[in-house]
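S.K.: I have a structure here, written as structure tokens, and I will follow up with some questions on it.
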Amino acid sequence: MNPEEVVTSVLYLLRHASAEEKIQKLKCSSELIRCYQYLEQTSRSFAAVIQELHPELKDVICIYYLVLRGLDTVEDDMTLEIKYKKEVLETFYEKLYIRGWSFADSGPNEEDAPLLIEFDVVITEFLNLKKEYQDVIAKITREMGMGMSKYTTKKVNTVEDWNEYCHYVAGLVGIGLSQLFVASGLEPSGIEKLEALSNSMGLFLQKTNIIRDVFEDVIDDRRFWPIEVWSKHVNLVGDLINDKYLTQGVNCLNELCLNAIEHIPDVLDYLSQIHDRTIFSFCAIPQTMAIATITLCLNNPKVMSENVKIRKTEAIRVMKQKIAPTDAVFLKKLDILEKNVQLKTGPSMANSKYEYVRGFETFEAVLPMTFMVVRLDGQNFTKFSADHGFEKPNDIKALELMNFCAQRIMSKVSDIIFSYGQSDEYRYKTFSFDL
Ligand code: IN0
């Protein structure tokens, strides 16, 4: 860890007290305490995001998350016999109404097996929720279970299948969340009708995970990349992670990254319609992380040979901010992503005489309150003057041309606040805001 990472980690630990400490303050039932402990165990950072939700929604989302995590653990389990697995997936929603039900048949490698062994505590708390919340959670669990069951025996052949699979395992989560937000009264009726946008929220997260995890998944015999796409690049799915076919693998990776990125406009549209600040953070944080992850994956050969992860500090930085992530953080991430997309996949400059420009591009941040001066110097001005027969030392046509160009740049680049010319060059000052 470098010094900055140490500082951010310590700040994070200070801000997020242990689950026990927080729960003591809440004075809630022992089952709810167990639920929060499971939440903390399954996903430490996401647990922190859920804890910041409005009190009306916090427990609801905690239970919703654990129910779905339970279902996901069954789907993930490669040791279960197919027929039995399908039956458990399809009937999982019914178990939510059976007090005391639990599941002890998980394989030895399932990290979340303990949650299913003690699933009765989740059921107890589920049954304590208002009926409107129960109805949404059970309905989504039923639909998801059906979809997961379908895909235990069906392959992800086409891009359409990919969208359908991701809809079952993640898009439905978003559709259910929107309904819970409205049921809580924290969001006005409307957002739950935007099913396509809610679906896209989940699809972007899930596709990003599937893209990032290809190496681990192929090794573990899980096949989530659509056959239609990878078969254009390699003959066998295993070749995706074979060094010999690295170029083909990365081309395929880029194709899927661009597919995932296409969901971002919907994500922004959805987020812009959220009213409650805590719901906004809850929704925007995972999206911000996914944008950082997809940016890291795009055109990155490492994806084919290891599990790339965004730096812990980056994740923590997003989590740390109290009103996180502000629009500015989100916009900056988008900005970096956009630049990466242009730089890594944009055909415009590749192999052209302007390719050298790439060498001058950096993503470094500028300190707040810093003026940037951009100096545009003439290229081969002597030849240009000769070609146009400009008079020395000052030709009025040449001066007017320079001024005209300078004005056009001023009106096109809105960040410029001031510009001046000297000799054959112009300088532009921009003002950098604390983004
Ligand atoms: C989630 C989503 C999630 C949060 C907020 C709004 C959403 C809208 C639509 C769909 C999903 C939404 O967020 C979590 C984030 C998470 O768990 N992150 C992990 C990191 C990781 O890589 O696993 C962490 O430890 O921080 C999410 O990934 N999923 C999820 C599950 C349940 C709920 Cl209620 C919300 C899982 C998935 C499959 C992407 C939907």
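The values are calculated or read from the model by the stated rules, or taken from the named source; none is laboratory data. Remember, predicted model here, so these are calculated numbers, not experimental data. Positions of Cβ are generated from backbone atoms using ideal geometry, with glycine treated the same way; all protein chains shown enter the neighbour counts. Keep in mind that these areas ignore ligands, DNA and RNA; they rest on the heavy atoms of the full protein, side chains included. Shrake-Rupley method; radii C 1.70, N 1.55, O 1.52, S 1.80 Å.
S.K.: Can you name the number of the only condition in (1) of a type in the set (D, E); (2) at pLDDT below 95; (3) out of contact with any Phe, Trp or Tyr (no Cβ under 8 Å at 6 or more places or on another chain) that E192 fails?
M.R.: (3)
S.K.: Continuing with the same structure: Being within 12 Å of the ligand (Cβ to nearest atom) and surrounded by fewer than 14 Cβ atoms within 10 Å (Cβ to Cβ): is that true of R44 here?
M.R.: It is true that R44 is within 12 Å of the ligand (Cβ to nearest atom) and surrounded by fewer than 14 Cβ atoms within 10 Å (Cβ to Cβ).
S.K.: Follow-up question, since we're still on this one. Taking T247, is it part of a helix (DSSP H, G or I), more than 10 Å from the ligand (Cβ to nearest atom) and surrounded by 18 or more Cβ atoms within 10 Å (Cβ to Cβ)?
M.R.: Against the criterion (part of a helix (DSSP H, G or I), more than 10 Å from the ligand (Cβ to nearest atom) and surrounded by 18 or more Cβ atoms within 10 Å (Cβ to Cβ)), T247 does not qualify.
Rundown of residues vs (1) in a loop (DSSP other than H, G, I, E, B); (2) outside the structural domain of W162 (by the TED database); (3) under 28 Å from N242 (Cβ atoms); (4) at pLDDT 95 or above, yes/no style:
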position	(1), (2), (3), (4)
P188	yes, no, no, no
S198	no, no, no, yes
F204	no, no, no, yes
W225	yes, no, yes, yes
V229	no, no, yes, yes
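S.K.: Taking T278, is it touching a Leu at 6+ places or on another chain (Cβ under 8 Å) and either at pLDDT 95 or above or of a type in the set (S, T, Y) (or both)?
M.R.: Here the answer is yes, as T278 does meet what is asked.
S.K.: Could you please tell me which pairs satisfy a Cβ distance under 6 Å, a separation of 6+ or placement on different chains, a first residue in region 402-418 that is under 12 Å from Y428 (Cα atoms) and at pLDDT below 80, and a second residue that is surrounded by 11 or more Cβ atoms within 10 Å (Cβ to Cβ) and aromatic (F, W, Y)?
M.R.: I416/Y428; I417/F431
S.K.: In addition: Restricting attention to region 157-214, which residues are open to solvent by less than 30 Å² (accessible area, probe 1.4 Å), within 13 Å of the ligand (Cβ to nearest atom) and among the aliphatic types (A, V, I, L, M)?
M.R.: Answer for region 157-214, where residues must be open to solvent by less than 30 Å² (accessible area, probe 1.4 Å), within 13 Å of the ligand (Cβ to nearest atom) and among the aliphatic types (A, V, I, L, M): V169, A170, L172, I175, L177, L180, I191, L197, M201, L203, I210, I211.
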